[in-house]
Amino acid sequence: MRNIQILTGNSRLIVAVLVLCAAFAAPVSADGGGGVFYAVNSPFAGSLDNSEFQPRTLQQSGGFGYGIDGDGTKIGGFGLSFLDVSSNQAAGGFGGMLLGSYSTIGPFSFAGNGMLGIGGLHLPELLDGGGALSFLGQLDLELGFPLTDWFQISGFAGVQFLLPVTAAYKGSINYPMMGLRFTWGSFR
C-alpha cells in the first residue's frame, strides 16, 4: 500500500493555528444580523422653506449588516436607494456606516440607530442642476420581534437628513420616515 499524505507541513501549521483560534474564540459571545429594509419618507410642512418646491414622497429600500458586542453596541454598514413616488424614477443612492445601541426585554428587541452615508441625490425640482453629491444622516428607533432564533421583523421610525454638497438646494431636506426591517441573524 502506498502512503498518501493529505496535509503537508505548511498545511498542518495552518490547520493548527485555525483550531487554536477557534478554541479561543468559542467563549466569545457576539450577536448580529443582516437583511433588507423598506421605508417611506414624506416631508412635512415645516421641513420646507420654499413654497415653490412641491413635497416629494420618497420610498427607500436597501440592505444592511451589523455586529453587536457584549455591551449592546451595534456597528455595521448599509446601502440604500430612493425612488421618487410621484415620477416613479430613481432619486438617489447612498452607502455608509450604521451605529447604534441594542437591547432586549423578553422576546422584544429595542434599538436606537444612527446612519451616516454618502451618495448621489437626484431631485430636479429641489436641486440646481438636478443632482448632487450628498451626505445622508438618519436617526431612528426600532422595535423588533424575533419569529425564530434566526429571523426578526422590526418596525422603525425616525428622521432623515439629506445635505447636497455639490449643488445649491432650494429647501431644507429633512424627512420623517418609517419602515420595516427583515433581519437574519442571531436572536437568542
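The values are calculated or read from the model by the stated rules, or taken from the named source; none is laboratory data. Just so you know, these numbers come straight off a predicted model, no measurement behind them. Ideal geometry is used to build each Cβ from the backbone, glycine not excepted, and the neighbour counts take in all protein chains shown.
The set of residues from segment 166-181 being at pLDDT 85 or above and either surrounded by fewer than 17 Cβ atoms within 10 Å (Cβ to Cβ) or in contact with a Phe, Trp or Tyr (Cβ under 6 Å, 6 or more places away or on another chain) (or both) comprises P176, M178, G179, L180, R181.
Would you check which residues across segment 55-91 are crowded, with 17+ Cβ neighbours inside 10 Å and either in contact with an Asp or Glu (Cβ under 8 Å, 6 or more places away or on another chain) or among the charged types (D, E, K, R) (or both) and list them? Passing the criteria: R56, L58, I68, K74, D84, A91. Within segment 119-128, the residues that satisfy the criterion of being touching a Ser or Thr at 6+ places or on another chain (Cβ under 8 Å) and without any contact (Cβ under 8 Å) to a residue 40 or more places away in the chain are G119, G120. Condition first: in a loop (DSSP other than H, G, I, E, B) and β-branched (V, I, T). Now tell me which residues in segment 105-151 satisfy that. Matches in segment 105-151: T148 only.
Take S154 and tell me if it is under 21 Å from S42 (Cβ atoms), outside any strand (DSSP E or B) and either touching a residue at least 40 places away in the same chain (Cβ under 8 Å) or among the hydroxyl-bearing types (S, T, Y) (or both). Considered against the rule, which asks whether it is under 21 Å from S42 (Cβ atoms), outside any strand (DSSP E or B) and either touching a residue at least 40 places away in the same chain (Cβ under 8 Å) or among the hydroxyl-bearing types (S, T, Y) (or both), S154 comes out as no. The listed residues are F110, F135, F94, and the only one of them that is over 16 Å from A167 (Cβ atoms), in contact with a Leu (Cβ under 7 Å, 6 or more places away or on another chain), in contact (Cβ under 8 Å) with a residue 24 or more places away in the chain and surrounded by 15 or more Cβ atoms within 10 Å (Cβ to Cβ) turns out to be F110. You will find that of L163, L121, L139, L126, the residue that is of a type in the set (A, V, I, L, M), in contact with a strand residue (DSSP E or B) (Cβ under 9 Å, 6 or more places away or on another chain) and closer than 24 Å to G34 by Cβ is L139 and no other.
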